1. Can you tell me the relative contact order of the chain? Whole percent, Cα pairs under 8 Å, sequence separation 6 or more.
2. Can you give me the Cα centroid spacing of the stretch 41-61 and the stretch 119-170 in angstrom?
3. Can you tell me the order of 130-139, 17-26 when each peptide is scored by its average per-residue count of other Cβ atoms within 10 angstrom, highest first?
4. What is the sum of charges around Gly127, taking Lys and Arg as +1, Asp and Glu as -1, for the other residues whose C-beta is under 14 Å from the C-beta of Gly127?
5. Starting from the alpha-carbon convex hull of the chain, give the projected area averaged over all orientations, in nm².
6. Tell me, what HN-Hα J-couplings in whole Hz come from the Karplus equation 6.51 cos²θ - 1.76 cosθ + 1.60 at θ = phi - 60° for each residue of the stretch 79-86, using x for Gly and Pro?
7. Provide the per-residue ³J(HN,Hα) series for the stretch 17-23, in order, calculated from phi with Karplus coefficients 6.51, -1.76, 1.60 and θ = phi - 60°, each as a whole number of Hz, with x at glycine and proline positions.
8. Apply the Karplus parameterisation 6.51 cos²θ - 1.76 cosθ + 1.60, with θ equal to phi minus 60°, to every residue of the stretch 60-68 and state each ³J(HN,Hα) to the nearest whole Hz, in sequence, with x for glycine and proline.
Amino acid sequence: MLCLHSDTDPAFVERFEADVEEMLLDHAHCEKKAASTALNLIFRYPDERELVETMAEIVEEEIQHFQQVLEIMQARGWSFRRQRPSKYAGRLAKHVRAGDETTEFVDRMLMGALIEARSCERFKLLGDRLADEELAAFYRSLFASEARHYTTYVRLASLKQPADVVKARLAEMATEEAAIVALGEPAPRLHA
């Protein structure tokens, strides 16, 4: 179902478990950024009724996920604070073609799809393999939402270009996304 061109190394779970506080903090920031991105798309494309209605729902859902992560952190005695973000999304954004309104729209939707797909894949891995059953259950609960967001972004891209064109561009961007993931990050991050 997912368009990813690389699989996450199962050792990701060990890295997560080695610094749960930092990973949860990053997860909270990711959910906040996902809500912000969806809201920004509403501002960028106010005339796209289907996008506006869909993004309004995603904003609400991402904020709910943000609040859930905050609650888990607070229950463990950890505070939300600033954190240096992963370079993942910034690197992926460099592959969005600017200049032509249609291709930029499609690429922005597909960037969102890829981020959601990677989250979906990693949440499944965490849900299946974390020793901490509370966190494993939490990540299993998010899996369906991330998968739905992935398909939503791909569907929105298809508003502007035929499905076969969107599929081909998604494959191109997925190749770039896999290369970005292979670069890794020095700090523990969900998309490292």
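Laboratory data are not the source of any read-out in this text; all were calculated from the coordinates shown. Note that this is a predicted model, so its numbers are computed, not measured. Positions of Cβ are backbone-derived with ideal geometry, glycine not excepted, and every protein chain shown enters the neighbour counts.
1. 31
2. Rounded to whole Å, the Cα centres lie 18 Å apart.
3. So the order, starting with the most tightly packed, is 17-26, 130-139.
4. Around Gly127, the surrounding residues sum to -3.
5. Average of the hull's projected areas for the chain equals 10.2 nm².
6. 9, 6, 7, 4, 8, 5, x, 5
7. Values per residue, Gly and Pro as x: 5, 6, 8, 4, 4, 5, 5 Hz.
8. In residue order, the calculated couplings are 4, 5, 5, 5, 4, 5, 4, 5, 5 Hz.
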